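The values are calculated or read from the model by the stated rules, or taken from the named source; none is laboratory data. Every value quoted in this text rests on a predicted model; they were computed, and no experiment measured them. A quick note on method: Cβ atoms are made from the backbone with ideal geometry, for glycine too, and the neighbour counts reach across all protein chains shown.
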Amino acid sequence: MNTNSFDPNKFKDGQRQQWNSVAAGWKKWWETLERMAKDVTVKIIEMADIQPDQNVLDIATGIGEPALTVAPLVGEKGKVVATDVSSEMLSIARGRAKELGVTNIDFQELDAEQINYPEAEFDSIVCRWGLMFLPDVDGTLNSLHRMLSTDSKFATAVWDEPEKIPFFSFAVHTLKNMFDLPQPPRMRLQCPVWQTEY
Ligand SMILES: C[S@@+](CC[C@H](N)C(=O)[O-])C[C@H]1O[C@@H](n2cnc3c(N)ncnc32)[C@H](O)[C@@H]1O
């Protein structure tokens, strides 16, 4: 029996639990995170060609991005559907929308691989730092393609392997060097596209 076989459902349950457990940290650090991520968000919005009155889908929105940046751009006649698998991340996203007075986002707790809206429902689909957590990226992209209207755009940003993401590696290496810490225990990052040890 192959005990290492990858179980996508088990993986996704783990993802849900993991993101629920770190949601408070994302809430605490969101201003810093957004300062760091702003250029990525701007690029995604530019590539997706977001326009007033559009109907936009945000996948794996976490605590609400890019949905919260997109919402004022599509305006009152437009709409954003923001989805994520983590109820805790979504709860923070809803709170942030309320604080900002944003009323045109429909937050939905949904696995990206199970999103099922009618054909050509969306004018744009965006996703910041989510696709690399999906066991079946090809299948999901095919399914999303069906939900895009003609001439509409899909724009995304994904993480590369850990060593190429300062977001992960910089803090770990800096702390390790500053305090002469031992090599941290090897951690298998739970990400199907990486399948790597860090
Ligand atoms: C790195 S965070 C990105 C959140 C947000 N888009 C941002 O850029 O700040 C990744 C998000 O992907 C979500 N996620 C992981 N697997 C998912 C899945 N199968 N379906 C939907 N969301 C998922 C997590 O719950 C988490 O909120």
* Asked: How many of the residues making up the range 63-87 are near the ligand (Cβ under 10 Å from one of its atoms) and either under 20 Å from M147 (Cβ atoms) or not in a helix (DSSP H, G or I) (or both)?
  -> 10
* Structure fact -> Picked from the range 128-169 (must be among the basic types (K, R) and in contact with a strand residue (DSSP E or B) (Cβ under 9 Å, 6 or more places away or on another chain)), the residue surrounded by the fewest Cβ atoms within 10 Å (Cβ to Cβ) is K153
* Among A97, A71, A112, which is modelled with pLDDT of 95 or more and closer than 30 Å to P162 by Cβ? -> A112
* Restricting attention to the range 25-37, which residues are assigned to a helix (DSSP H, G or I) and either closer than 15 Å to G62 by Cβ or in contact with a strand residue (DSSP E or B) (Cβ under 8 Å, 6 or more places away or on another chain) (or both)? -> G25, W26, K27, K28, W30, E31, T32, L33, E34, M36, A37
* Structure fact -> A careful count of residues in the range 1-20 that are part of a helix (DSSP H, G or I) and in contact (Cβ under 8 Å) with a residue 40 or more places away in the chain gives 9
* Asked: Out of all the residues in the range 88-112, which are assigned to a helix (DSSP H, G or I) and either more than 10 Å from the ligand (Cβ to nearest atom) or more than 15 Å from the chain's Cα centre (by Cα) (or both)?
  -> S91, R94, G95, R96, A97, K98, E99, L100
